[in-house]
1. Can you pull out the residues in region 72-111 that are in a loop (DSSP other than H, G, I, E, B) and without any contact (Cβ under 8 Å) to a residue 24 or more places away in the chain?
2. Among the residues of region 238-290, which ones are in a loop (DSSP other than H, G, I, E, B) and either acidic (Asp, Glu) or crowded, with 24+ Cβ neighbours inside 10 Å (or both)?
3. Which residue, of Arg53, Arg39, is touching a Ser or Thr at 6+ places or on another chain (Cβ under 8 Å), in a loop (DSSP other than H, G, I, E, B) and basic (Lys, Arg)?
4. Looking at region 144-186 only, could you name the residues that are in a helix (DSSP H, G or I) and of a type in the set (Ser, Thr, Tyr)?
5. Just one of (1) free of Cβ contacts under 8 Å to residues at least 24 places away in the same chain; (2) within 21 Å of Thr121 (Cα to Cα); (3) among the basic types (Lys, Arg) trips up Arg181, so point out which.
6. Could you tell me whether Leu114 is buried (at least 21 other Cβ atoms within 10 Å of the Cβ) and either modelled with pLDDT under 95 or under 22 Å from the mean Cα position of the chain (by Cα) (or both)?
7. For region 13-23, state whether one or more residues are surrounded by fewer than 19 Cβ atoms within 10 Å (Cβ to Cβ), assigned to a loop (DSSP other than H, G, I, E, B), assigned by TED's automatic domain parsing to the domain that holds Leu231 and out of contact with any strand residue (DSSP E or B) (no Cβ under 9 Å at 6 or more places or on another chain).
8. Which of the residues spanning region 34-58 are surrounded by 18 or more Cβ atoms within 10 Å (Cβ to Cβ) and closer than 24 Å to Met91 by Cα?
Amino acid sequence: MEHDIIIAGGSYAGLSAGLQLARARQKVLVIDAGQRRNRFAATSHGFLGQDGRAPGDIVNDARAQLMDYPTVEWASDSAIHAVRDADGFVMETAHGQRYSAKRLLLATGVIDELPDVPGLTERWGKSVFHCPYCHGYELEQGPIGVLATSPMSLHHALMLPDWGPTTFFTNGVFEPDLEQRQSLAQRGVTLVPERVERIEGERANVVLVDGRVIAIDGLFVLPRTRVASSLAASLGCNFEEGPLGAFIQTDPMTRETSVPGVFACGDAAMPFGSVALAVGDGVRAGSGVHRSLIFQAHP
């Protein structure tokens, strides 16, 4: 057997899990293609000890620390297919490599699916965001917008006045009822029911179909998400439906999926995500994988 564990995905969760396993002197292979979810953002916030640093710098430092452990190997590649064999699992990559391991850990992350509004995509991570805790403070209490993508966006709109005066663009997605309107009014949120035509300007000015332009410093959106890799589905792992999309079902403590010997962590295995949550989830998954190698007979 080449490795004890193959980790598919080398961002925050995968690196964190790998560190636990490396410190347990397990033979670890990390396969990663460098497509971090937050690669569009200039800075990362809310992660203790790393607040305000560039996301890539955090990952690069973490990778360098992990690779100092002699039992860890790295493959700059995409894990695309895995099958079980008599000894464990065989993983295939986009570059045609095959690797074997006793356990698999899926830390592949998710892909954000933004609404089809012109101007959103090119501002994603710069002036269009999803997490108030990650990006709200830096708006310096300037005007903020919330673009509805589902009824869940009401929660977003009620939160954001703590970061600045907030306008809620319902965009025809849903109609707040009387109680919801009262809650928005109590929080000082301005409700705009007209449809949004596009986002323009240096920041994220909202252009409505009637021609009005509402200037804001930052626009918050709750995009739908989908697991970034088909590995979990092809292995037969169960999924759960979250408020923003399906995620891999795992044991709350060990992070093992419904498929024995296959574990998952990070954004792909949680209904919500952040850098800090991903790192913590990686710790749980790494220790869960290690304990399975000691106490469980499968696969």
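1. Kept after step one, since they are in a loop (DSSP other than H, G, I, E, B), are these residues of region 72-111: 77-78, 85-88, 94-97, 107-109.
Correct list: Asp85, Ala86, His95, Gly96, Gln97.
2. Selection gives Thr250, Asp251, Arg255, Thr257, Cys265, Gly273.
3. Criteria check complete, one pass: Arg53.
4. As a first pass, look at region 144-186 and keep what is in a helix (DSSP H, G or I): 153-162, 178-186.
If the condition is that a residue be in a helix (DSSP H, G or I) and of a type in the set (Ser, Thr, Tyr), then Ser153, Ser183 are the ones that fit.
5. Arg181 satisfies all of (1) free of Cβ contacts under 8 Å to residues at least 24 places away in the same chain; (2) within 21 Å of Thr121 (Cα to Cα); (3) among the basic types (Lys, Arg) except (2).
6. No; evaluated as a whole, the condition is false for this residue.
7. no
8. Listed by number, the residues that qualify are Arg36, Arg37.
The values are calculated or read from the model by the stated rules, or taken from the named source; none is laboratory data. A quick note: this is a predicted structure, and the numbers were derived from the prediction, not measured. A quick note on method: Cβ atoms are made from the backbone with ideal geometry, for glycine too, and the neighbour counts reach across all protein chains shown.
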